[in-house]
1. From the list Ile103, Ile134, Ile140, which residue is more than 16 Å from the chain's Cα centre (by Cα) and at pLDDT 95 or above?
2. Need the failing condition index for Leu7 against (1) part of a helix (DSSP H, G or I); (2) of a type in the set (A, V, I, L, M); (3) open to solvent by less than 90 Å² (accessible area, probe 1.4 Å); (4) modelled with pLDDT under 95, just the number.
3. Hey, can you tell me all the residues within segment 78-94 that are in contact (Cβ under 8 Å) with a residue 40 or more places away in the chain and open to solvent by 60 Å² or more (accessible area, probe 1.4 Å)?
4. Looking at (1) among the hydroxyl-bearing types (Ser, Thr, Tyr); (2) within 13 Å of the chain's Cα centre (by Cα); (3) assigned to a loop (DSSP other than H, G, I, E, B), find the lone condition where Thr154 falls short.
5. In segment 34-91, which residues are of a type in the set (Phe, Trp, Tyr) and closer than 21 Å to Lys142 by Cβ?
6. What are the residues in segment 38-77 that are touching a helix residue (DSSP H, G or I) at 6+ places or on another chain (Cβ under 7 Å) and open to solvent by 60 Å² or more (accessible area, probe 1.4 Å), if any?
7. Taking the conditions exactly as written (over 20 Å from Ile37 (Cβ atoms) and among the polar types (S, T, N, Q)), does Ser128 satisfy them or not?
8. Taking segment 106-126 only, how many residues are of a type in the set (Gly, Ala, Ser) and modelled with pLDDT of 95 or more?
Amino acid sequence: MKKILVLFTIIITSISCSNAQNKSFSKESQTQKLTDIDGKEVKFKEVLEKYKGKTIVMEVWASWCGDCVGAMPKVKELQANNPNVVYLFVSMDKTFDKWKAGIAKHDLKGEHYWVNDTEGMKGAFGKSIGLDWIPRYIIINKKGKVELYHAIETEFDKINATLKTLE
């Protein structure tokens, strides 16, 4: 009985820790380079600093991702209901041209950056933010602190609730 109780405690603790939300980006993630729409490389830290003082909804996506495309109407609704928020789209597309074509095809309004990494989601940037699924949504408050670190396309209620607390 004692062994079962210990095992149960370990399992519950593991689940709780795996669902914990980070409150900041790692130093490793901040040093990762992204490519802007003009083809210029910029550190992720510089991107975050550029929008400090504003609430940011960051979506990690790709034009080839069916779940990402399927969630776009919800993202556009989010934008319509929260016009004072910066929408930062970070793409895991395989090529610069496909990324830019995806922005145009889906008429994505916001700030755009591309992760130029042949390993895609499993590359350095993806690993540094614990990327396990796209689309992935992260909300950053006006002070630059992470309010919501891990949300996916089925969690727009959580995303909306988090934004409401930041108004």
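The values are calculated or read from the model by the stated rules, or taken from the named source; none is laboratory data. Small disclaimer: the values here were computed from a predicted structure and weren't measured. Don't worry about glycine lacking a Cβ; one is built from the backbone with ideal geometry, like all the others, and counts go over all protein chains shown. With ligands, DNA and RNA removed, areas are computed over all heavy atoms of the protein, side chains included. Shrake-Rupley method; radii C 1.70, N 1.55, O 1.52, S 1.80 Å.
1. Just a single option satisfies the conditions, and that option is Ile103.
2. It is condition (3) that Leu7 fails.
3. Within segment 78-94, just Asn81 meets the criteria.
4. (2)
5. Selection gives Phe44, Tyr51, Tyr87, Phe89.
6. Lys43, Lys45, Lys74
7. Here the answer is yes, as Ser128 does meet what is asked.
8. Final tally of qualifying residues: 1.
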